[in-house]
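Data first, discussion second: the structure below is written as structure tokens.
The values are calculated or read from the model by the stated rules, or taken from the named source; none is laboratory data. These numbers come from a predicted model, not from an experiment. Cβ coordinates were reconstructed from backbone atoms using ideal geometry, including for glycine residues, and neighbour counts include every protein chain displayed.
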Amino acid sequence: MLKYFKSNISNFIILSIFLLSSLTAFLITHRKFYLFDLPYIGFSIFIGLTLHNFLPKAKKQIGRLISQFLVGFYFMFFLAAFVKVNMQIEGFFFQILSLFFGGAFIHYAIAKIFGPLYFGRGFCGWACWNAMIFDLLPWKKSSGRIRFLGSVRYFHLAVVIIAVFVLYFKFNYSVTTGARASLQWFVVGNIFYFIVGIASASILKDNRSFCKYVCPIPPIQKIFSRFAVLKFRIDSQKCNECHACEKVCPMDIKILDYKHRDSRVRSTECILCNACSDTCPTKAISLSNSFDVCTHEFLKYRKSKSK
């Protein structure tokens, strides 16, 4: 039992983050709902992580997909349809402006702002309700990023913030506007995201193109992800530099560039999907807990076509 705990300590730390956050939210708001909400998310991710560890190499990613669907369906159908909470990023900003300590605020604080201090952008890899569909598409191996599209998601975030401020201060729209309006915002927003995400994946032949170019969440996550405690390390004694890890990385991280600098994979683009470690033929890549800071992003970009 002790051996199992030591080999899966990161899983227990992540679960503990959600359980402690649940207790904190309950003590602050006195809403019993948070004693179910956050533990459900934490245990869903924990189940996926545990399955990933025990499944055979060729099927390990199934554990991650199960985690995504357990969390994704909960957000999309239970929270949206029954609780009627706008879990889109707009809902988060509306709650901040309204000084409302609600579900969207708590979710973003844990998964997108302070949580990344430990698990980086792991929520993108294990619990994103949009990515749970994108990861099922057939274009799993990316040909590299398109450099000029990298700023689109920052522009998207700016548009979201401006729209929220205009609606809040000019038209008095807030979290108290009504559950129906929140549900409509959530539904319309997700339909837009799914259409754009699937279309971009099809055009660019890249499942995670939405994450790299369109999603407004990564610019927020990346702030604290650079300090993330949980990152991948490469055992230089085992690594034979076959580049298998880089070929399967959905986020186009040049993993071996970090190895050459005797560094963990510090990229803020890492979503902890484990594709690299699952693929490594020498088992040279594993998760580790340590303290360091991302100072350089080593990413693979597509070569521009010569005229």
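Summary of values
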item	result
Single unsatisfied condition, CYS249 versus (1) surrounded by fewer than 23 Cβ atoms within 10 Å (Cβ to Cβ); (2) farther than 23 Å from HIS107 by Cβ; (3) not assigned by TED's automatic domain parsing to the domain that holds SER151	(1)
Some residue of region 92-108 being modelled with pLDDT of 90 or more and either within 20 Å of ILE198 (Cα to Cα) or not hydrophobic (A, V, I, L, M, F, W, C) (or both)	yes
Pairs where the first residue, in region 243-257, is in a loop (DSSP other than H, G, I, E, B) and the second is among the acidic types (Asp, Glu), C-beta under 7 Å, 6+ apart	MET251/GLU269; LYS254/GLU246
Residues being in contact with a Ser or Thr (Cβ under 6 Å, 6 or more places away or on another chain), of a type in the set (A, V, I, L, M, F, W, C) and part of a loop (DSSP other than H, G, I, E, B) - total across region 258-295	1
Residue in region 205-227 that is touching a residue at least 24 places away in the same chain (Cβ under 8 Å), over 24 Å from TRP129 (Cβ atoms), over 24 Å from the mean Cα position of the chain (by Cα) and surrounded by fewer than 17 Cβ atoms within 10 Å (Cβ to Cβ) present	no
Qualifying residues in region 81-104 (those that are more than 22 Å from PHE26 (Cβ to Cβ) and over 19 Å from the mean Cα position of the chain (by Cα)) - the one surrounded by the most Cβ atoms within 10 Å (Cβ to Cβ)	PHE94
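Table: residues versus (1) surrounded by fewer than 17 Cβ atoms within 10 Å (Cβ to Cβ); (2) touching a residue at least 60 places away in the same chain (Cβ under 8 Å); (3) of a type in the set (Gly, Ala, Ser); (4) in a helix (DSSP H, G or I).
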| residue | (1), (2), (3), (4) |
| --- | --- |
| PHE46 | no, no, no, yes |
| SER67 | no, yes, yes, yes |
| PHE77 | yes, no, no, yes |
| ILE106 | no, yes, no, yes |
